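Asks: Here it is, the structure in full.
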Amino acid sequence: MSTALIDQTLGSIVSSLAGATRVLRHYQLDFCCAGNQSLAQATAQRELDAEQVVLALEALDANADGNAETDWRGASSNTLIEHICRRFHDRHRQQLPELIRLATRVEQVHGSRSECPNGLAEHLWNMQQELESHMLKEEQILFPMLQRGIPAEQVHGPLSVLRYEHEQHLAALQALATLTQDITAPAQACNTWRALYRGLEELRDDLMQHIHLENNILFAGDTRHP
């Protein structure tokens, strides 16, 4: 087993290895809010075969084709904040209204089917409201403080609130997975239903990456610079 991987934190693995988010999510390892745990600690906590997880991660590394994700650990706070707002805040504001529309349509047409995710549109609407409130707090309060060069450890209050809200967002994703059979469309699903689930999968991946970048890199402490 690779000691290099087993001793790394989940946040570090995700930051440096393209595709690692998919592997860790498959094994239900929380790289967002528990990104400071080592892979050894995380697998032991979930009673997983650590060697199996390491082999899956090493396979990603062996198959890397030069399209690795950007490693943001060396970026300035300003650069990372700009990326987060453009790549994730703007994107979530585009994703959720369309997903709510699609979910509403699926429930209206297929609500009598046992596989139909009844209640999904309302759940997505609640997620949209909570996420919009969260992003505004970041854009109007926390991000300007970090951009002025105030170290993360000196804004403990806002950070504590936002980290807690991140945990709520992940709980909402778990509830979403429960409603949708882990975002798995039934065999006879119509095109609208399949489009909805493709969008939900994208939202889940984006939101988890968003939270990871904030918790494990931007909020990491005094190592960041404006």
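Residue by residue, here is whether (1) touching a residue at least 40 places away in the same chain (Cβ under 8 Å); (2) touching a strand residue (DSSP E or B) at 6+ places or on another chain (Cβ under 7 Å); (3) crowded, with 18+ Cβ neighbours inside 10 Å holds:
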site: 144; (1), (2), (3): no, no, no
site: 147; (1), (2), (3): yes, no, no
site: 150; (1), (2), (3): no, no, no
site: 157; (1), (2), (3): no, no, no
site: 169; (1), (2), (3): yes, no, yes
site: 172; (1), (2), (3): yes, no, no
site: 175; (1), (2), (3): yes, no, no
site: 186; (1), (2), (3): yes, no, no
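Asks: Look through 107, 82, 132, 122 and report the one residue that is more than 15 Å from residue 207 (Cα to Cα), within 18 Å of the chain's Cα centre (by Cα) and in a helix (DSSP H, G or I).
Replies: Among 107, 82, 132, 122, only 82 is more than 15 Å from residue 207 (Cα to Cα), within 18 Å of the chain's Cα centre (by Cα) and in a helix (DSSP H, G or I).
Asks: Further, regarding this structure: Among the numbered criteria (1) surrounded by 15 or more Cβ atoms within 10 Å (Cβ to Cβ); (2) assigned to a helix (DSSP H, G or I); (3) in contact (Cβ under 8 Å) with a residue 40 or more places away in the chain, which single criterion is violated by residue 117?
Replies: So the condition that residue 117 fails would be (2).
Asks: Might you let me know whether the range 53-61 holds any residue that is surrounded by 14 or more Cβ atoms within 10 Å (Cβ to Cβ), within 22 Å of the chain's Cα centre (by Cα) and free of Cβ contacts under 8 Å to residues at least 40 places away in the same chain?
Replies: Within the range 53-61 (the criterion being surrounded by 14 or more Cβ atoms within 10 Å (Cβ to Cβ), within 22 Å of the chain's Cα centre (by Cα) and free of Cβ contacts under 8 Å to residues at least 40 places away in the same chain), the answer is yes, since at least one residue qualifies.
Asks: Among (1) more than 30 Å from residue 109 (Cα to Cα); (2) modelled with pLDDT of 95 or more, there is one condition residue 159 misses while meeting the rest; what is its number?
Replies: Condition (2) is where residue 159 drops out.
Asks: Additional query: Just one of 150, 141 is of a type outside the set (S, T, N, Q) and not in a helix (DSSP H, G or I); which is it?
Replies: When all the criteria are applied, what remains is 150.
The values are calculated or read from the model by the stated rules, or taken from the named source; none is laboratory data. Just so you know, these numbers come straight off a predicted model, no measurement behind them. No Cβ is skipped: glycine too gets one built from the backbone with ideal geometry, and neighbour counts run over all protein chains shown.
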